[in-house]
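Okay, so here's the structure we're looking at.
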Amino acid sequence: MAPDILRIALPLPLPRLFDYLPPGSVAAGPEDVGRRVRVPFGPRELVGVVAATGPAEGEAPALREALAWLDDEPLVRGELLATARWLARYLHAPLGEVLATALPAALRRGEPLPDTATWARALTGEGRAAAGSLRAGGRPRRLAEALRAGPVSEDLLDDLVDGWRAAARSLQERGLLARVPLPGPAGPASALPGPVPTAEQSEALDALRAAEGFAPVLLEGITGSGKTEVYLQAIEERCLARGRQALVLVPEIGLTPQMLGRFRSRLGVPVHALHSGLNDGERARAWAAAWRGEARVVVGTRSAVFAPLPAAGLIVVDEEHDASYKQQDGIRYHARDVALVRGKALDVPVLLGSATPSLETLHQARTGRYAHLRLRSRAGDAKPPRVRVLDVRKRPLQAGLSEELLAAIRAALDAGGQVLVFRNRRGYAPVLLCHDCGWSAACPRCSTPARGIAMTVHAGGRRLQCHHCGARRPVPMACPDCASLALQPQGVGTERIEELLAARFADVPVLRIDSASTRRRDGLARELAKLGDGPGILVGTQMLAKGHDLPGLILVCVVGIDEGLFSADFRASEKLAQLLVQVSGRAGRSSRPGEVLLQTHHPGHPLLEVLVGGGYRAFADAELGQREAAGFPPYARMALVRAEAREAGGTDAFLQAAAAAFTAARESLPPAQARSLLVAGPMPAPMPRRAGMHRAQLLLSSPGRPALHAVLQAVVPGLHALPEARRVRWSLDVDPIDLY
Ligand code: ADP
Ligand code: ZN
Ligand code: ZN
């Protein structure tokens, strides 16, 4: 009998597994499923994961032999492999690409699962005796001195003694120095006691205690109501007290340092971070610690949802409405949805927390599929802020700010408070306009059918930048059309607001926060620290809307929201309402009362009236009603096929073939399902040209998931094989969160 072959998931955009003989033709079996293996692929070598083993089918062609096993035992085990299979089916994506997305880069490349210890260097007994006789001032001597008090980690030595590795080698050869492992990330020795839970928190904790096994739970609580405190106590009870693991997802890297600090000091155990701000080695180490069950608490961003959890106890998704949980390229998964699938497979509760739950989640809670817990008041003595709408029609504006707003800022500063000015537009000005002929600077690589895409003025007016494709160029000296020098920045971005506020309130620090300054690890925390405790002003975009605790903040000013009130995207209202509520929630988080000023030219707009009058709840009710009437999610399921090509019309043939295939597949559905499944397009993308590529799309929509997935299942594998597919770049987005 022929030996079993390996069916391997390779990171290739092809919806199939690849067959190989086991390395060295040594027999393989089901116990090898989940092990990584290196294989030859054409002239290249790839790293894949064994998805199945079995006898070769039929007249097997001469199979190539895999080169080498990379793991001694399965790396992707049981539940994680099952989740990857589910995700591949749900997204109609190749399992190999899903697994490549789930693994940290170092493991994807085939590196061994790292050991979890942090390595340090220490002086041996002899080394301690000999340290004083090393040449003064030399590197070996400086290294020995750095180690006098005890072992020091290699990372820290990089900072302390430059060129220490060569010195360490020579000391090690003489038996004076040793390489020693340190225990995992240092945790504080003991846990700080938490506050006594409020009545509402107790109710939520009781409900969680009652949950046996899998339970999806929405924890809806206004900002500052103590949701994080509920997570902490639930983790203590469900995980730490029972030797189980907790996974906590947070939306932004910028939020993890604060969250980590709070978790470490409260829980008194090491807390492992897993996010894109870490280097490859650190990420692989944290993943390995989770894999071995050593990591008790893992806090991370989107991709941390794939952390292995051999002893899972609880999964928390904080700010579950946040769009950053959805991956927007490659394997387009939604971390919240993956968290729910894992929770079910692991049989543990999944706690979704938010002050502004997504309409999807609210809908599930209302129809009774998720438990719904609420925290209606702020914890401690903090009070929710007062919200006032400022009508600025016919008022003079400076850098987009009215006199009334500026006076309120002055008053807040004089009272010793801090102020946040929110404008969701980076840069100096959104448009550069020629005052003489009307020319405006447009991106050469992006456009809509009606008009160009304006380039944003940056760097105080010296640079132009396209926010869609990243193109940059210097601001021209003169108008390229009429040679006039009267080029004027139009409109207001955060840079321009910062410029005005810095001139007007020169006595206090004015700090602009944007995505560039906070991309680095600890970036946001470091920036915010510059403000100190005294009066000062923060200017920024949505970065500032998210979860950061700013106890000195007593006034939030929201400006320039009017364009968002009239967007064509069906999710625009939901996003704007969430943003307004989240940004308002920054104010008054301590005992000082907070105020929110909403500056607008449309004070009577229904969204503002409903939101200010009835809060997020009233907004969500109204919006869900409209979504239901229009047949939009969560009352429908969507999938979007996007395609782009270099030439205009280059996507037509592919999308038409795809549309025909979907329409044909629809015919084999039961008649009622077939009638309600819509295939819209091909149509141009909302931005038909981006970064020089022409873009079009096909939208599928159906009231229920089964019909949609039946046609996707029937059609998508064949799309890869279409000859037209070779001339385009295409992708499938299941449950798209924006239609761009
Ligand atoms: P959220 O996550 O809902 O924004 P937090 O858990 O961060 O809220 O709590 C907001 C503030 O209230 C924090 O400073 C927290 O320490 C405090 N807090 C939370 N729960 C309590 C409680 N039961 N008693 C007193 N203070 C509390
Ligand atoms: Zn001109
Ligand atoms: Zn562009």
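The values are calculated or read from the model by the stated rules, or taken from the named source; none is laboratory data. Just so it is clear, the structure is predicted and the values come from calculations on it, not from any experiment. So basically every Cβ, Gly included, is an ideal-geometry build from the backbone, and we count neighbours across all protein chains shown.
Identify, please: which residue in the stretch 194-206 is assigned to a helix (DSSP H, G or I) and within 29 Å of the chain's Cα centre (by Cα) and is, among those, nearest to ligand 3 (Cβ to nearest atom)? This residue is A204. Restricted to the stretch 459-474, and to residues there that are of a type outside the set (G, A, S), within 14 Å of ligand 3 (Cβ to nearest atom) and modelled with pLDDT under 90, the residue that is farthest from L500 (Cα to Cα) is C469. Against the criterion of being aromatic (F, W, Y) and farther than 30 Å from R292 by Cα, W164 qualifies.
Among residues of the stretch 468-479 being loosely packed, with under 12 Cβ neighbours inside 10 Å and in a loop (DSSP other than H, G, I, E, B), the one that is farthest from ligand 1 (Cβ to nearest atom) is M477.
Considering only residues in the stretch 335-378 that are in contact (Cβ under 8 Å) with a residue 40 or more places away in the chain and among the polar types (S, T, N, Q), the one that is surrounded by the fewest Cβ atoms within 10 Å (Cβ to Cβ) turns out to be S377. From the set of residues in the stretch 181-207 that are among the aliphatic types (A, V, I, L, M), surrounded by 12 or more Cβ atoms within 10 Å (Cβ to Cβ) and more than 15 Å from ligand 1 (Cβ to nearest atom), which is modelled with the highest pLDDT? Of everything passing the filter in the stretch 181-207, A207 is modelled with the highest pLDDT. The residues listed here are A672, A653, A618, A629; of these, the one that is out of contact with any strand residue (DSSP E or B) (no Cβ under 7 Å at 6 or more places or on another chain), under 25 Å from S731 (Cβ atoms) and modelled with pLDDT under 95 is A653. Against the test of being within 16 Å of ligand 1 (Cβ to nearest atom) and under 26 Å from the mean Cα position of the chain (by Cα), the options L359, L346, L340, L375 yield a single qualifying residue, L375.
A721 meets the conditions (1) in contact with a helix residue (DSSP H, G or I) (Cβ under 7 Å, 6 or more places away or on another chain); (2) without any contact (Cβ under 8 Å) to a residue 12 or more places away in the chain; (3) not hydroxyl-bearing (S, T, Y) in every case but one. The failed one is (1).
Pull up the stretch 316-334, narrow it to residues that are of a type in the set (S, T, N, Q) and in contact with a helix residue (DSSP H, G or I) (Cβ under 7 Å, 6 or more places away or on another chain), then point me to the one that is surrounded by the fewest Cβ atoms within 10 Å (Cβ to Cβ). By that ranking, first place goes to S324.
Counting only residues that are surrounded by fewer than 20 Cβ atoms within 10 Å (Cβ to Cβ), in contact with a strand residue (DSSP E or B) (Cβ under 7 Å, 6 or more places away or on another chain) and without any contact (Cβ under 8 Å) to a residue 60 or more places away in the chain, the stretch 405-432 holds 0 of them. Within the stretch 208-221, being surrounded by fewer than 18 Cβ atoms within 10 Å (Cβ to Cβ) and not charged (D, E, K, R) holds for A210, G213, F214. Scanning the stretch 325-342 for residues that are closer than 15 Å to V248 by Cα and of a type in the set (S, T, N, Q) returns no hits.
For the stretch 433-452, filtered to residues that are crowded, with 21+ Cβ neighbours inside 10 Å and within 13 Å of ligand 3 (Cβ to nearest atom), the residue that is nearest to M683 (Cα to Cα) is C446. Would you confirm, using the coordinates I've provided, whether V389 is within 16 Å of ligand 2 (Cβ to nearest atom) and touching a helix residue (DSSP H, G or I) at 6+ places or on another chain (Cβ under 9 Å)? So V389 fails the test.
Each row is one residue, and each column tells you yes or no for (1) within 30 Å of A471 (Cα to Cα); (2) more than 16 Å from ligand 1 (Cβ to nearest atom); (3) in a loop (DSSP other than H, G, I, E, B).
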{"position": "P633", "(1), (2), (3)": "no, yes, yes"}
{"position": "A639", "(1), (2), (3)": "yes, yes, no"}
{"position": "A648", "(1), (2), (3)": "yes, yes, yes"}
{"position": "A657", "(1), (2), (3)": "no, yes, no"}
{"position": "A661", "(1), (2), (3)": "no, yes, no"}
{"position": "Q673", "(1), (2), (3)": "no, yes, no"}
{"position": "A685", "(1), (2), (3)": "yes, yes, no"}
{"position": "A696", "(1), (2), (3)": "yes, yes, no"}
{"position": "P706", "(1), (2), (3)": "no, yes, no"}
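From the list G268, G313, G281, the lone residue that is surrounded by fewer than 24 Cβ atoms within 10 Å (Cβ to Cβ), over 23 Å from H334 (Cα atoms) and in contact with a helix residue (DSSP H, G or I) (Cβ under 7 Å, 6 or more places away or on another chain) is G281. Residue pairs whose Cβ atoms lie under 9 Å apart, sitting 6 or more positions apart in sequence or on different chains, and linking a residue in the stretch 555-568 that is farther than 17 Å from G604 by Cβ and without any contact (Cβ under 8 Å) to a residue 12 or more places away in the chain to a partner that is assigned to a strand (DSSP E or B) and not aromatic (F, W, Y), do not occur here.
Summed over the stretch 392-404, the residues that are touching a helix residue (DSSP H, G or I) at 6+ places or on another chain (Cβ under 8 Å) and free of Cβ contacts under 8 Å to residues at least 24 places away in the same chain give a count of 2.
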